[in-house]
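Bear in mind these aren't lab numbers, they're just calculated from the coordinates by the rules spelled out. Bear in mind the structure is a predicted one, so any value in this text is a computation, not a measurement. Positions of Cβ are generated from backbone atoms using ideal geometry, with glycine treated the same way; all protein chains shown enter the neighbour counts.
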Amino acid sequence: MSPFVTSVALRWTDLDAYRHVNHARVVTLLEEARIELAFTQAGRESLTGFADGLLVARLEVGYKRQIAYRPEPLRVTMTVRDVRAASFTIDYALHDGPDETDPVAVRASTGMALYDLRSGNVRRMDADERAFLQRYVPDTGEAAS
């Protein structure tokens, strides 16, 4: 297993009065990374179910360091855990820069629920969706880095 890795761009408007990335903007950066995994990458593999209905049921964010503005994107590594019938968890490591050697500034997780917008109910994931997510489940003791 290897984590899913993507990058997210900072915008000048992401900064707050203290000249670091604001909490609400950090959550947006995590959302942009999640979209790359669940919509873009899954879509490249003809898996459209996540884009049809995927809800954040839980969010946890832990800050390790402030993030200042820079023109280079931030690196985000993601792993998946707790894959169940209709839900899973994504763990994030948001690095303070574009490289794997840049320190982790934020660790976060989102509990995700698959949702059928037509019926208004949670739905079960299919075998292809499960196989896609399982690729990002760490071996024992491994987590998003």
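Summary table
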item: Interchain or long-range residues, amide H under 5 Å from Asp116's placed H; result: Asn121, Val122, Arg123
item: Extension reserve of the Val56-Ala113 stretch, reckoned as 0.36 nm per residue once the Cα distance is removed; result: 19.9 nm
item: Dipole axis of the chain (+1 Lys, Arg; -1 Asp, Glu on Cβ), positive-most option in Leu10, Gly49, Gly120; result: Gly120
item: Loop sites in the stretch 47-124: trypsin sites (Lys or Arg not before Pro), DSSP, at most 16 other Cβ within 10 Å; result: Lys64, Arg65, Arg84, Arg118, Arg124
item: Between the stretch 74-131 and the stretch 5-33, the Cα center-to-center distance that results, in Å; result: 18 Å
item: Residue-by-residue Karplus 3J(HN,Hα) for the stretch 80-89, coefficients 6.51, -1.76, 1.60, Hz, glycine and proline x; result: 10, 8, 6, 6, 10, 4, 9, 7, 6, 10
item: Loop sites in the stretch 95-145: GluC sites (Glu not before Pro), DSSP, at most 15 other Cβ within 10 Å; result: Glu100, Glu142
item: Mean Cα-pair separation over length for the chain, i.e. relative contact order, pairs under 8 Å, 6 or more apart, %; result: 29 percent
item: In sequence order, calculated HN-Hα J values of the stretch 60-67 (Karplus, 6.51, -1.76, 1.60; Hz; x Gly/Pro); result: 10, 10, x, 9, 9, 6, 6, 10
item: Two-site label geometry, Tyr63 and Asp16: point separation in nm, points 7 Å out along Cα→Cβ; result: 0.5 nm
item: Cα-centred dipole magnitude for the stretch 80-145, charges only on beta-carbon of K, R (+1) and D, E (-1), debye, nearest 20; result: 520 debye
item: Amide hydrogen neighbours beyond the local backbone of Gly97, cut-off 5 Å, H modeled; result: Arg75
item: Förster radius 22 Å - calculated FRET efficiency between Arg44 and Glu72, Cβ distance, rounded to 0.05; result: 0.30
item: Mean residue ellipticity (222 nm) of the chain, computed from DSSP H runs ≥ 4 via -39,500 (n - 2.57), nearest 500; result: -4500 deg cm²/dmol
item: Charge dipole (debye, nearest 20) of the chain; +1 at Cβ of Lys and Arg, -1 at Cβ of Asp and Glu; result: 320 debye
